[in-house]
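One structure is given below, encoded as structure tokens.
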Amino acid sequence: GLELSHCVGTNSLGPAGPWRSGGPCKMKRVRTVFKPEQLERLEQEFLKQQYMVGTERVDLAATLHLTETQVKVWFQNRRIKWRKQSMEQKAAKLSQFGVIQPASADSTDSKEHEEDTVDVEL
């Protein structure tokens, strides 16, 4: 998840974006840096189940000292990464046999898991 840091220096460079106000106290989104222990546990849970919902997500977030949103977004992004890796492996296998994969091979699955394509962290 992304967090907001408070009062970035007023002389910061760059144009104001949707996460920065034009006033003297500028807000900047900061990318969450997960600890190795947190990542290890998140990966373990992902191997068990690719979708973490409800009380399981709340409990995992509390255990790892993360917000529920951080856990939710990590799982969303991890599913996207997993699908991408799966498609690359499939394409590599097909290319070994001289089979060319159609460009729209993943379009059949995109509607079913449309919510996972969001790469926004809150």
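What the table below lists for this structure:
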read-out	value
Furthest towards positive pole of dipole, T55, W82, Q44, structure part region 40-93, Cβ charges	W82
Per residue accessible area in Å² of region 40-93, where ligands, DNA and RNA are left out and the probe is 1.4 Å	63
Check: region 40-93 dipole with +1 on Lys, Arg Cβ and -1 on Asp, Glu Cβ, in debye	420
Region 40-93: proportion of alpha-carbon pairs further apart than 15 angstrom, %	48
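The values are calculated or read from the model by the stated rules, or taken from the named source; none is laboratory data. What you see is a predicted model, and the numbers here were worked out from it, not measured in a lab. No Cβ is skipped: glycine too gets one built from the backbone with ideal geometry, and neighbour counts run over all protein chains shown. Ligands, DNA and RNA are stripped out before the accessible areas are found, and what is left, the full protein with its side chains, is counted by its heavy atoms. Shrake-Rupley method; radii C 1.70, N 1.55, O 1.52, S 1.80 Å.
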